[in-house]
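Some notes on the structure that comes next.
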Amino acid sequence: FYTDEISPLYTIVGSKNHTMQKVTARAVNDMKLDTESTTLIDACCATGALYFGLKTYNWKEVILNDLNPLRTNFLNVIKNKPIKLIAKLLETDFSFISTPETKNPVLQEYKSSLYDYEQKRKRYHKVDCNVDIAYKMFIVQCIDKKHIESEHEIMKRIARFLPAHLKLQNAIITQEDAITYLKSETADKLVLLDVPYIASESTCGIS
């Protein structure tokens, strides 16, 4: 009941929206797979939305992969330290987003911190579990756009963290080139491959 068809936890440029979630979920359902013997691989998972949007199946294994260390870190924090992230967000006074004078300095500071982190870890294979970086990334994703999300909208996203945490318990989060999984010789696998969009290369972690 809680882990079926979870809406996106946050959005990015070219992100997987509700329509893509529904179409993917319907396609997977129509395949009538023996999920207990099938490995599900989302090779360019980004926000993880395609996996979150599926119904709950008993997969043999789930692999969520992305080259962007900010994305993989966020998913790993949701999997392993969701309460710490939620507590940090609930302690936040979101009134700062109401005016450019208070929002922009915070946004600039967070984006600088995230840039440094991404540059440092973009060639790493080990996935991090940094709550502070996950917090800053989530805030930036919610307010660094034309239509800034309200505190109410942000809280609705936070409410999805715990169902997502439950759904991620059978998932392995990796930071590899997607081709690694396309070439793998796993016999029974279903690969979701939503390739990066033109002009989104930097946010997808590729050159």
Report task. At 7 Å along the Cα-to-beta-carbon direction for both E91 and D177, put a label point, then send me their distance in nm to one decimal. Result -> 4.2
Report summary line: The value for segment 5-111 (convex hull of the alpha-carbon atoms, volume per residue, Å³) is 128
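So which of K136/K183; K103/K156; K88/K111; K122/K167; K81/K122; K126/K189 end up more than 28 Å apart by C-alpha? Please list the in-between numbers first.
On the way: K136/K183 35 Å; K103/K156 20 Å; K88/K111 18 Å; K122/K167 26 Å; K81/K122 22 Å; K126/K189 23 Å.
Beyond 28 Å between Cα atoms: K136/K183.
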Query raised in the report: Taking segment 65-139, which trypsin sites (Lys or Arg not before Pro) meet the DSSP loop condition and have no more than 10 other C-beta atoms within 10 Å?
Result: R123, K126
Query raised in the report: Just the Cα atoms of the chain: what Rg and Dmax do they give in Å?
Result: 16.9, 56
Report task. Mind giving me the nanometre distance, one decimal, between the label points for H147 and S112, set 7 Å out from Cα along Cα→Cβ? Result -> 3.1
Query - Which of I143, V131, A164, positive extreme of dipole for segment 113-172 (C-beta unit charges) - result: A164
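If you place +1 on the Cβ of every Lys and Arg, -1 on the Cβ of every Asp and Glu, and leave all else neutral, what size is the dipole of the chain about its Cα centre, to the nearest 20 Debye?
Working: 27 positive and 26 negative charges, 20 e Å.
Dipole size: approximately 100 debye.
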**Report entry** Nitroxide proxy distance, nm - points 7 Å out along Cα→Cβ at E5 and N17
**Finding:** 1.8
Query - Computed accessible area, H18, all protein chains, 1.4 angstrom probe, square angstrom - result: 100
Report summary line: Whole-percent tail of the Cα-Cα distance distribution for segment 64-111, cut at 17 Å, equals 55
**Report entry** Residues with amide H under 5 Å from that of L190, placed H, sequence gap 5 or more
**Finding:** T39, L40, I41
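The values are calculated or read from the model by the stated rules, or taken from the named source; none is laboratory data. No experiment lies behind these values; they were computed from the predicted model shown. As a convention, Cβ positions derive from the backbone with ideal geometry for all residues, glycine included, and neighbour counts pool all protein chains shown. For accessibility, only protein heavy atoms count, side chains too; no ligands or nucleic acids. Shrake-Rupley method; radii C 1.70, N 1.55, O 1.52, S 1.80 Å.
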